[in-house]
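Let me begin by presenting the structure, written as C-alpha cells, before commenting on it.
The values are calculated or read from the model by the stated rules, or taken from the named source; none is laboratory data. What you see is a predicted model, and the numbers here were worked out from it, not measured in a lab. Every residue, glycine among them, receives a Cβ derived from its backbone with ideal geometry; neighbour counts consider all protein chains shown.
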Amino acid sequence: MIDISKKSWFKYFFFGSLYFSFGLNAVFISLILPLYFLDQGISPAMITAMISIIVIPTFIKFVWGWIVDYFIQFGRKPFIISGGLLTVFCLFILSFLNPGNALIPFVIVGLISWIGIGFLTISLDALVISTTIEKERGKINGIMYAAQNGGLAGGALLLPFIAKTLGYKMVFLTAGFIILPIVLFSLILQEKNIVKKPQKVGELLIQEFKKRTILVIAIFAVLIMMSSGIILLIAPIWMDVGLKLDITQVGLVTMLFTIAIAIGSIIGGILADKLGRKTTLYILILSSIFFSVLLIFTNSWEYFALIYCIIGFLQGGYTSSVCALFMDVTNPCIGATQYSIFISLFNLGIIITSTISGPLYVMLGVSRVFLYSAWIFGPALLVLYFIRLKKNDIHQ
C-alpha cells in the first residue's frame with residue numbers, strides 16, 4: 001500500500017492517470033456517439049436529445065458529492081474504485097448493444113456509465129483536497145487538467161481509427177480495457193479517514209456558504225468561463241463557414257488547441273503556486289482579453305490557429321489556477337459536495353454563453369461575438385478584485 005501524502009511522484013501520477021481516463025471517456029460524448037448514432041440512421045435532433053440525457057449526471061455532481069461526503073467514514077477510495085468499475089462495466093455492455101434497434105437501453109446504460117464517472121471524479125477531487133497543501137494544488141490541478149486533455153486528444157485520434165477499422169463495438173471494449181487497469185491501480189492506495197462517522201453534510205455546507213469569501217468565489221466561478229463558452233462553439237463554426245476549412249483542417253486545429261490547453265494548465269498551475277492565485281489569474285485573464293480581441297483580425301487559417309492556440313494555452317492556465325483556488329477554500333470534511341458545487345457553477349458559465357453564442361453569431365456577426373468573448377472577462381476581473389482570502393479561509 002502506498003501513502004500518497006508521503007510520495008509526491010505517486011500523487012501526480014495517480015491523480016493524472018484517473019483524469020486521463022475521464023478525458024478518454026469524454027471523447028464518446030464529443031465525437032464517437034454522434035458519429036455512431038448517425039451511422040445507425042438516427043436523426044441529428046434525436047442524437048442531441050439522447051446525448052443530453054446521457055450526460056445528465058455531470059450536471060448534478062453535487063448529488064454524488066453529497067453521497068460521498070455522507071459516507072466519509074469509508075473514505076474516498078471505495079467510491080473512486082466503484083465509480084470506475086461501474087463505468088468500465090457499462091462500456092463493456094455498450095459494446096453488445098446496437099443503438100439502431102435498442103436506443104433506449106443504450107442510452108440508459110450510457111447514463112449509468114456517467115454516474116460512475118461522476119462518483120470517480122468527485123471522489124478524486126475530494127481526495128486531492130484532503131491530501132494536498134496550498135502550495136502544491138496549482139501544480140496538481142495543472143497535471144490533472146493536462147491529463148484530461150491528453151485523454152481527449154489521444155482518444156480523438158485512437159478511437160475513430162478503431163471505429164473505422166474494427167467497428168464501433170470494439171471502440172467501447174478498447175476504452176474499457178484502457179480504463180480498467182487505471183482504476184484497479186487505485187487498490188494500492190493507502191487512505192487515512194478524515195471522519196469516523198456519518199456527518200451532517202447540509203449543516204456544514206450552509207456554514208461554509210455563509211462566508212462572504214465563499215459567496216464571492218461562487219459568483220466568480222460562473223463568470224470566469226463565460227468567454228470560453230462563447231468560443232467553444234463559435235470557433236469551429238467560423239473555421240468552417242468563414243475560413244472555409246475542411247473537416248480535417250478543423251480537426252487538426254482543434255487538436256492543437258487541446259494540446260495548448262494541456263500545456264497551459266501545467267504552466268498556470270506552477271505559476272499559481274509560485275505567484276499566488278490572484279496574481280496568476282490577473283496575468284492570464286488580461287492576456288486572454290488581448291488575444292480574444294485579436295481573433296477579430298484573423299483573416300487566414302494559420303493566423304487564426306496561432307491566436308486560437310494561445311487562447312487555449314491561457315484558458316488551461318486560468319482553469320488550473322481557479323480549480324486550485326476552489327480547493328483552497330473547500331472544507332475537506334465536505335470536499336466532494338462543496339467542490340462539486342463550485343465545478344457545477346463553473347460549468348454553468350460555459351453552458352449559458354455557449355447556448356446564446358449561436359443566436360449572437362447570427363444576429364451580430366463573428367467580429368462582435370469575439371469582441372464580447374473578450375468583454376465578458378470584465379465582470380470576472382471585477383469580482384476577482386473582491387476575493388480577499390484570509391488565513392482562516394484556506395484549508396490545508
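Key figures
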item	result
Options 289, 296, 266, 285: the member that is touching a Ser or Thr at 6+ places or on another chain (Cβ under 8 Å), assigned to a helix (DSSP H, G or I) and either under 27 Å from residue 144 (Cβ atoms) or at pLDDT 90 or above (or both)	266
Boolean, residue 111 is surrounded by 24 or more Cβ atoms within 10 Å (Cβ to Cβ) and either part of a helix (DSSP H, G or I) or within 16 Å of the chain's Cα centre (by Cα) (or both)	no
Number of the condition not met by residue 97 [criteria: (1) among the aliphatic types (A, V, I, L, M); (2) part of a loop (DSSP other than H, G, I, E, B); (3) touching a Ser or Thr at 6+ places or on another chain (Cβ under 6 Å)]	(3)
Check on residue 248, modelled with pLDDT under 80 and either in a helix (DSSP H, G or I) or crowded, with 17+ Cβ neighbours inside 10 Å (or both)	yes
Filter result for residue 368 (charged (D, E, K, R) and in a loop (DSSP other than H, G, I, E, B))	no
Single match in 140, 104, 112, 81 (criterion: closer than 16 Å to residue 343 by Cβ and hydrophobic (A, V, I, L, M, F, W, C))	140
Search result, residues across segment 67-83 that are surrounded by 20 or more Cβ atoms within 10 Å (Cβ to Cβ) and assigned to a helix (DSSP H, G or I)	68, 69, 72, 79, 80, 83
Qualifying position, being within 30 Å of residue 118 (Cα to Cα) and touching a residue at least 60 places away in the same chain (Cβ under 8 Å), among 386, 370, 342	342
Only one of 279, 258, 298 that is free of Cβ contacts under 8 Å to residues at least 60 places away in the same chain, surrounded by 17 or more Cβ atoms within 10 Å (Cβ to Cβ) and β-branched (Val, Ile, Thr)	298
Residue match in segment 346-369 (condition: under 30 Å from residue 126 (Cβ atoms), aromatic (Phe, Trp, Tyr) and modelled with pLDDT under 90)	yes
Unmet criterion (only one of (1) at pLDDT below 90; (2) crowded, with 18+ Cβ neighbours inside 10 Å) for residue 135	(2)
Per-region count, segment 150-160, residues out of contact with any Leu (no Cβ under 8 Å at 6 or more places or on another chain) and under 9 Å from residue 20 (Cβ atoms)	1
Count of segment 45-62 residues which are in a helix (DSSP H, G or I) and surrounded by fewer than 16 Cβ atoms within 10 Å (Cβ to Cβ)	8
Unique match (being crowded, with 24+ Cβ neighbours inside 10 Å and under 23 Å from residue 187 (Cα atoms)) among 86, 152, 127	127
Condition met for residue 188 (touching a strand residue (DSSP E or B) at 6+ places or on another chain (Cβ under 6 Å), at pLDDT 75 or above and either surrounded by fewer than 17 Cβ atoms within 10 Å (Cβ to Cβ) or under 19 Å from residue 360 (Cα atoms) (or both))	yes
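Results for (1) modelled with pLDDT of 85 or more; (2) closer than 13 Å to residue 87 by Cβ; (3) hydroxyl-bearing (Ser, Thr, Tyr); (4) surrounded by 15 or more Cβ atoms within 10 Å (Cβ to Cβ), shown as yes or no for each residue.
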| residue | (1), (2), (3), (4) |
| --- | --- |
| 11 | no, no, no, yes |
| 19 | yes, no, yes, yes |
| 26 | yes, yes, no, yes |
| 37 | yes, no, no, yes |
| 43 | no, no, yes, no |
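Conditions tested, residue by residue: (1) over 21 Å from the mean Cα position of the chain (by Cα); (2) over 23 Å from residue 272 (Cβ atoms); (3) aromatic (Phe, Trp, Tyr).
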site	(1), (2), (3)
319	no, no, no
336	no, no, no
343	no, no, no
347	no, no, no
366	yes, yes, no
369	yes, yes, no
389	yes, no, no
